[in-house]
């Protein structure tokens, strides 16, 4: 490597003939020229091209087209769309369902993010303390994450089933009244959060486990020599050392929870009485069930703006942290 | 050694083809390959059509009725060998209508598609559908007088026929004679005795519950996007109450009649007459295992219920509020808009649809009531049990209000069901539920129509 960058730095073997030396210089110059060409970057665009095309066609163009759609009264069923200016946005700001579903999305996000971070950390710590049968714990905690959402919701719908479901059977055995897990407004969101936590906690668990394994052993040794107990080591070394991972998990989790759709669509379709309808579900219903694409686009851009603001806060927060 | 090889390799590379030219070449070859693959794709489509006039039909018949439709289409294929019928079954529900709308908007829709008649009003005004040519229909032997008048009427939009009804599929009752008989609910000929008041229906449920030792009736509505509405709207129709859904205006809805119906449904779900918290599958399971003697369900469940109760009986939903109505809908064929309509295919489509409709007797095996009156009146149909005992529902058919957001598989039905669910579970009053329903109806009516 370094040989190609500087001719003089390379020790010249005395055994080389003058002709060979000339050859050597020529190939070195050639190599230098090629390296410069690579650095000047023209050929790099060819490597970028496939990605750039996909990026433009499937991301940039839809985003721009969506902005245009949000300014029209475009529908899915026919009639020529007309330009309506900001009417869709004005309607959206006055639409109680936008605010209600946005609030429910926030509730879901808070309700799911906290356990998804805490439980993942606790699970990782338990596994890392050296329980016997490590591979089994790792596998068991991560396995549910690998299931497709349709399977997860099917299994949980059975467990939540009011008549024959597992949970109500247990409640009955303990002498409690059955609960309408997915049909009672007070319980439905909690039920969906529980299913979500079970389903996705494995991913955060894995991130934490990796971070735990990266904490240098000598920190613990030094602390142990200074007489720190297990709890002290946990709170003064382990958890602070996991700080960056916690930020990462938190950021990923917030974004993942905000775009909740699948499990709600499959478990309750937004019910009962709209109490689990997330904003994406409302956008879907507006655009693809009630066919108002223009209005649905406007709501999505309001939501998009909120996510961008959140991401920027995280970005600047994250930089300070770093 | 290592130094030498490091120094030599760039030089040797310079003499051969450069990496960049290789990459460029590969990129070009890839493009050619892709283009080749695409053109061969186009070729295969063309060859498929050359074997006969292609008629593509979309439907949403995914259950046992889909199998019977498959047999019917096979029969039509034999009858019309010059036509290639390409039948696609898509999952039923809101996504079906989204797909159909998208295909029509793009102008690449199939030649014909099944649509619920109640959804027609949402589609016809947007220009997504082509009207049927009455003369061409008569040429293939289909005429207005063959259909029940109410059904034909509902298939019209601005005096043009936009839908060709295949059947009516009402919400009815199936009963188990082995339970209904000891409960004293059968006529001497084996049909269900007349039940003409809410109290009589509740009594019948208690009588059946005594026989089964569990509940009398099965009715699954929990977390279902249609079942609650099916029973409610049918009974609302029975009260003879008025309703008016005009976009942009508050709903005209008889609040008193609605509360009366909902309170009746609550009293039925008392744990004895019917379980208070059954879902669709649970209700069928209880009826099939003889835990209950009667189930409120759609005709489309006939075939699967007969699997567990071979001498299954059927009847319309009892007329307990006076006016004979039966909630239901109709599978109808529509002609989605195509950018480039092919007259030859259009003609073939009429032939195929007529041939399917004329096989109504086979379609009746799926439980649905064939749309052609001559089929229903034929002696062969009158031999079918339990079909003949509920066929009258076709004349009483009571569809969703004719407004763009209502109909089978709509968000509207789902929201109505959700509003009722709290009351039906006994967690709220009927009045509160009706207030919620009226609020939702008004929200829909205020929403600008998409077309």
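Read-outs: derived from the displayed coordinates by stated rules, not from any lab. All values reported here derive from a predicted model rather than from experimental measurement. Counting neighbours? That spans all protein chains shown, and the Cβs are built from the backbone with ideal geometry, glycine included.
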Response to the item:
Restricting to Cα pairs under 8 Å and 6 or more apart, the percent relative contact order of segment A:124-224 works out to 34 percent
Worksheet item: Remind me, what semi-axes does segment B:55-132 give for its equivalent ellipsoid, largest first in whole Å, using sqrt of 5 times each Cα gyration tensor eigenvalue?
Response: 23, 16, 11
Practice prompt. Determine the shielding of peptide B:413-419 by partner chains: average, over its residues, the number of Cβ atoms on other chains within 10 angstrom of each Cβ.
Written response: 4
Worksheet entry | Packing-based order for B:97-107, B:219-229, using average beta carbon neighbours within 10 Å, highest first | B:219-229, B:97-107
Worksheet item: Do you know the relative contact order of chain A, to the nearest whole percent, from alpha carbon pairs under 8 angstrom that are 6+ apart?
Response: 26 percent
Response to the item:
To the nearest 10 degrees, the tilt of helix A:188-213 (Cα long axis) against the first principal axis of the alpha carbons of chain A is 20 degrees
Response to the item:
One point scatterer per Cα, no solvent, Debye formula: log10 I(q)/I(0) for segment A:70-151 at q = 0.20, 0.25, 0.27 Å⁻¹ comes out as -1.00, -1.15, -1.20
Worksheet item: GNM, chain A, Cα, under 10 Å: largest mean-square fluctuation among A:281, A:171, A:255?
Response: A:171
Practice prompt. Give me Rg over Rh for chain B, both radii from the alpha carbons and Rh done the Kirkwood way, two decimal places.
Written response: 1.14
Discussion item. Sorting check: for B:143-154, A:17-28, B:112-123, which peptide has the highest mean count of neighbouring beta carbons within 10 Å, and how do the rest follow?
Written reply: B:112-123, B:143-154, A:17-28
Discussion item. Per DSSP helix of 4 or more residues, -39500 (n - 2.57); summed, then divided by the residues of chain B. What does that give at 222 nm, rounded to the nearest 500?
Written reply: -14500 deg cm²/dmol
Discussion item. Could you work out the relative contact order of segment A:35-181? I mean the mean sequence separation of Cα pairs under 8 Å and 6+ apart, divided by the number of residues, in percent.
Written reply: 7 percent
Worksheet item: How well do other chains shield peptide B:402-411, expressed as the mean number of their Cβ atoms within 10 Å of each residue Cβ?
Response: 2
Worksheet item: Per residue of chain A, what 222 nm ellipticity follows from adding -39500 (n - 2.57) for every DSSP H run with n ≥ 4, rounded to the nearest 500?
Response: -21500 deg cm²/dmol
Discussion item. Given bins 5 angstrom wide, list per bin the percent of all Cα-Cα distances in segment A:139-261, short to long.
Written reply: 2, 9, 14, 15, 14, 12, 10, 10, 8, 5, 2, 0
Worksheet, complete the sentence: Rh (Kirkwood, all Cα-Cα pairs) for the protein assembly as shown, Å, reads 31.2 Å
Fill in: Cα-based helix-to-principal-axis angle, B:255-268 vs chain B, degrees rounded to 10
80 degrees
Worksheet item: If we sort A:66-75, A:121-130, B:324-333, B:273-282 on the protection proxy, mean other Cβ atoms within 10 Å, highest first, what's the order?
Response: B:324-333, B:273-282, A:66-75, A:121-130
Worksheet, complete the sentence: Expressed as a whole number, the average count of other chain Cβ atoms within 10 Å around the Cβ atoms of A:265-273 is 5
Worksheet item: Taking square-rooted eigenvalues a ≥ b ≥ c of the alpha carbon gyration tensor, is segment B:82-173 rounded, prolate or oblate, where a/c under 1.5 means rounded and, failing that, a/b exceeding b/c means prolate?
Response: rounded
Fill in: Cα-based Kirkwood hydrodynamic radius, segment B:138-236, one decimal, Å
17.0 Å
Response to the item:
Relative to chain B, whose Cα atoms define the longest principal axis, helix B:64-79 and its Cα axis are tilted in degrees, nearest 10, by 60 degrees
Item to complete: Name the shape class, rounded, prolate or oblate, that the alpha-carbon gyration tensor gives for segment B:393-451, where a ≥ b ≥ c are the square roots of its eigenvalues, rounded holds for a/c under 1.5, and otherwise prolate holds if a/b is larger than b/c and oblate otherwise.
Response: oblate
Practice prompt. Classify segment B:315-354 as rounded, prolate or oblate, taking a ≥ b ≥ c as the square roots of the eigenvalues of its Cα gyration tensor: rounded when a/c is under 1.5, otherwise prolate if a/b is larger than b/c and oblate if not.
Written response: prolate
